[in-house]
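The values are calculated or read from the model by the stated rules, or taken from the named source; none is laboratory data. On a predicted model such as this, the values are computed, not experimentally measured, just so you know. Note that each Cβ is placed from the backbone with ideal geometry, even for glycine, and that neighbours are counted across all protein chains shown. All accessible areas refer to the heavy atoms of the entire protein, side chains included, with ligands and DNA or RNA removed. Shrake-Rupley method; radii C 1.70, N 1.55, O 1.52, S 1.80 Å.
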Amino acid sequence: MMTTVSAPRFQHFVRELTQVIDTFAGDEEAVLAAGRPLLNELVSNDDWLPAEFAQPHPQYYQQYLLHADPQDRFSVVSFVWGPGQKTPVHNHTVWALIGMMRGSERAEGFAASEPGRPMQLLGAEVLSPGDVDMVSPRLGDIHRVSNLYDDRVSISIHVYGGNIGRISRHVFDVDTGERKTFISGYSNEPKQPAA
Ligand code: FE
């Protein structure tokens, strides 16, 4: 799949971001610096995301693939939170930009721990519409994210420095630091075999 969203605002974003990646490929700091204002502009206008990619699930947060770079250099996902939903503690292994578009989410950063030791909470922040957060192995890659609200849907747009639904990464047990491998896949495709 390539791009699934035809709205000009989204097409413009993908074109501009592709140009950023073409220009700064491999220079994460430059990619994030140039990509951040593009994502801020995209999520500052909540009028382009088709309803099919904004659907919550009663039980699970949803990750809809909106665009996959043909060379797997980046992917764009709509992350749809049902009321009260949250991720496990997890990492990404690639850089990510997280732009809040509808509602709010809470992100808690963690440090990896020695085996058997609880993981240390590094800090928490709340994203409001228009805010853009960043994670990466260089900046801090382990977090847990939740819908700030128990009574409404929240949506953020994520850009990852790879085809995130295909990348083998980890979920963590916050009490023991134990990690397990997982591959997230995407909500708008048939389920991948369990990792
Ligand atoms: Fe994440």
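Restricting attention to the stretch 164-174, the residues being surrounded by fewer than 21 Cβ atoms within 10 Å (Cβ to Cβ) and out of contact with any Lys or Arg (no Cβ under 9 Å at 6 or more places or on another chain) number 5.
Scanning the stretch 90-104 turns up at least one residue that is under 20 Å from D175 (Cβ atoms), outside any strand (DSSP E or B), within 16 Å of the ligand (Cβ to nearest atom) and open to solvent by less than 30 Å² (accessible area, probe 1.4 Å). Kindly indicate whether G130 is in a loop (DSSP other than H, G, I, E, B), open to solvent by less than 40 Å² (accessible area, probe 1.4 Å) and in contact with a helix residue (DSSP H, G or I) (Cβ under 7 Å, 6 or more places away or on another chain). Criteria met by G130.
For the stretch 1-60, the tally of residues that are farther than 18 Å from S128 by Cα and among the basic types (K, R) stands at 2.
In the stretch 64-74, is there at least one residue being surrounded by fewer than 20 Cβ atoms within 10 Å (Cβ to Cβ), within 12 Å of the chain's Cα centre (by Cα) and under 15 Å from I164 (Cβ atoms)? No; the residues of the stretch 64-74 include none that is surrounded by fewer than 20 Cβ atoms within 10 Å (Cβ to Cβ), within 12 Å of the chain's Cα centre (by Cα) and under 15 Å from I164 (Cβ atoms). Looking across the stretch 131-188, the residues that are of a type in the set (V, I, T) and without any contact (Cβ under 8 Å) to a residue 40 or more places away in the chain come down to T181, I183.
If you filter the stretch 134-144 down to residues that are over 10 Å from G109 (Cβ atoms) and assigned to a strand (DSSP E or B), you find that the one that is least open to solvent (accessible area, probe 1.4 Å) is S136. Of all residues in the stretch 3-33, exactly one satisfies the criterion of being open to solvent by 50 Å² or more (accessible area, probe 1.4 Å), small (G, A, S) and modelled with pLDDT of 95 or more, namely A33. Scanning the stretch 64-120 for residues that are free of Cβ contacts under 8 Å to residues at least 60 places away in the same chain and small (G, A, S) returns G103, S104, A107, G109, A111. When the stretch 105-120 is filtered for residues that are surrounded by fewer than 17 Cβ atoms within 10 Å (Cβ to Cβ) and either in a loop (DSSP other than H, G, I, E, B) or more than 16 Å from the ligand (Cβ to nearest atom) (or both), the ones remaining, listed by number, are A112, E114, P115, G116, R117, P118, Q120. When the stretch 155-170 is limited to residues that are over 16 Å from H143 (Cβ atoms) and part of a strand (DSSP E or B), the one that is farthest from the ligand (Cβ to nearest atom) turns out to be I155.
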